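Notes follow once the structure below has been shown.
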Amino acid sequence: MVRLTPALTSRKILNISYAAPQETLLAVPETLPTAEPSVPQIGYTVETADLPAFNMGVYRKIFVAMVFGAGKATTAGTVYWRMKKNGVSVATGSGAVAANTFFTFNAYFYNVGVDDLLELALWSNRTDTVWDYKAYNVQVSRLILINKPRLLCPCNFTSVGSGPVLTLGSPAVSGVGPIRVYHLDVILPTITSATNYEIIYPKDSFGMFRIYYGDASTSNSGTLLTSSTSRPMHYRNYFPLQIVMRGLRGVVEP
């Protein structure tokens, strides 16, 4: 009697849970210095509890951290920023802020891990610019569920969410980035809700998908957003909450 190996693996269900963002709203706003501070005002050390959690082992993933800093300009001026990872500058820049206007800097650190120190320094060319809000959240990108077999048939994004959901201050969302899904490094139509695929082959470069802000866009960089009424003004990403798939055996890697 010949024992045949099934062409498909057993059905696998990956559930991903995301930690709630850490948020702080200062009771008394702090004035920004007019030169870059030696010690950044905002800093977070990545801990295991901050990372998205999986109900099963996965072959590979990349974590993207989002750090937010917000405040208000009384007089029109320029707000400057610098992102640091483990004490090393990642990116720096500046942006104009109108009088009596809130600002929020959205900083995105690509490929972070436990014990990484992520910092955001803010300063202004005016003496009446303040900051009073900070937040931090981590999302997953470039996920590869299993190594062998890599070919997934089918591969269904059965549940999709968005975040981070910020609640302190007077938050507003400027935009939500769609999920970029890949087959053999070719981008498929972006998605913002549950979507089924007949076949996906995730390669090492992009994996199954990339989140938009922090990977597909503004990787190791950031964006300064302004608003007359809202802070934090921020971006969100769509991200998968559940993926259901089977692996197809006997396929030679492309």
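The values are calculated or read from the model by the stated rules, or taken from the named source; none is laboratory data. On a predicted model such as this, the values are computed, not experimentally measured, just so you know. Methodologically, a virtual Cβ is constructed for each residue, glycine included, from the backbone with ideal geometry; neighbour enumeration extends over all protein chains shown.
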Exercise. State which residue is nearest to LEU248 (Cα to Cα) when the search covers only the stretch 162-206 and only residues that are touching a residue at least 40 places away in the same chain (Cβ under 8 Å), of a type in the set (D, E, K, R) and surrounded by fewer than 16 Cβ atoms within 10 Å (Cβ to Cβ).
Key: GLU198
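Quick one: which strands (runs of 3 or more DSSP E) lie wholly within the stretch 58-134 and hold at least 3 residues that are under 30 Å from ILE146 (Cα atoms) and touching a residue at least 60 places away in the same chain (Cβ under 8 Å)?
Details: elements: 60-73, 77-85, 88-97, 101-110, 117-124.
It comes to 60-73, 101-110.
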Quiz item: Taking the stated definitions as given, is PRO37 exposed (fewer than 13 other Cβ atoms within 10 Å of the Cβ) and either at pLDDT below 95 or hydrophobic (A, V, I, L, M, F, W, C) (or both)?
Solution: no
Self-check item: Set THR229, THR223: member being within 21 Å of LEU122 (Cα to Cα), touching a residue at least 40 places away in the same chain (Cβ under 8 Å) and not in a loop (DSSP other than H, G, I, E, B)
Solution: THR223
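Can you tell which of SER162, SER193, SER174 is modelled with pLDDT of 95 or more, farther than 28 Å from ASN100 by Cα and either among the aromatic types (Phe, Trp, Tyr) or not in a loop (DSSP other than H, G, I, E, B) (or both)? Please lay out each step first, then the result.
Working: SER193 fails: either among the aromatic types (Phe, Trp, Tyr) or not in a loop (DSSP other than H, G, I, E, B) (or both); SER174 fails: farther than 28 Å from ASN100 by Cα.
Matching residue, one of SER162, SER193, SER174: SER162.
Please verify whether ASP115 is more than 30 Å from SER10 (Cβ to Cβ), out of contact with any strand residue (DSSP E or B) (no Cβ under 6 Å at 6 or more places or on another chain) and acidic (Asp, Glu), treating the condition exactly as stated.
When the stated conditions are applied, ASP115 passes them.
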Quiz item: If you scan the stretch 98-111, which residues turn out to be surrounded by fewer than 23 Cβ atoms within 10 Å (Cβ to Cβ) and of a type outside the set (Gly, Ala, Ser)?
Solution: ASN100, THR101, TYR110, ASN111
